Amino acid sequence: MKQGGKKMKGQTRIDKDLLAAEANCIEVARYIGMTVERRGANYFTHCPGHLNRLGKADVSIGNCVIYEDGYVCFACDPNRKHDVFEMVQEFLN
């Protein structure tokens, strides 16, 4: 990891923006147990925030495109890309 952490009483404080920039959202999704499917050049997953935003679980894996730097759910909000932190928080709830 690049320089970006600060030492605090035995702990290293990590720069959130730096971590978000370096985290691969596709790999993180797989690591935490999300289903990730590749179709052509794109990767898809069930939207982790669907239930909170729309009141029902995402049943179509084709709604949510996952990129290296975040994801977009075209059923929830096609104009907003969610970052890796939102994805993890929403999936693990």
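Listed by first and then second residue, the pairs linking a residue in region 67-90 that is in contact (Cβ under 8 Å) with a residue 24 or more places away in the chain and acidic (D, E) to a residue that is open to solvent by less than 80 Å² (accessible area, probe 1.4 Å) and assigned to a helix (DSSP H, G or I), with Cβ atoms under 7 Å apart and 6 or more places separating them unless they lie on different chains, are E68/C25; E68/I26; D69/C25; D83/A20.
Residue count for region 62-93 satisfying the condition of being surrounded by 14 or more Cβ atoms within 10 Å (Cβ to Cβ), part of a loop (DSSP other than H, G, I, E, B) and among the charged types (D, E, K, R): 4.
Being without any contact (Cβ under 8 Å) to a residue 24 or more places away in the chain and surrounded by 12 or more Cβ atoms within 10 Å (Cβ to Cβ) is the filter here; which residues of region 34-59 pass it? First the steps, then the outcome.
Initially, region 34-59 is screened for residues without any contact (Cβ under 8 Å) to a residue 24 or more places away in the chain, giving 38-42, 44, 46, 51, 54-59.
Residues satisfying the conditions are F44, H46, L51, L54, D58.
The values are calculated or read from the model by the stated rules, or taken from the named source; none is laboratory data. No experiment lies behind these values; they were computed from the predicted model shown. Counting neighbours? That spans all protein chains shown, and the Cβs are built from the backbone with ideal geometry, glycine included. Accessible surface areas use protein heavy atoms only, side chains included; no ligands, DNA or RNA. Shrake-Rupley method; radii C 1.70, N 1.55, O 1.52, S 1.80 Å.
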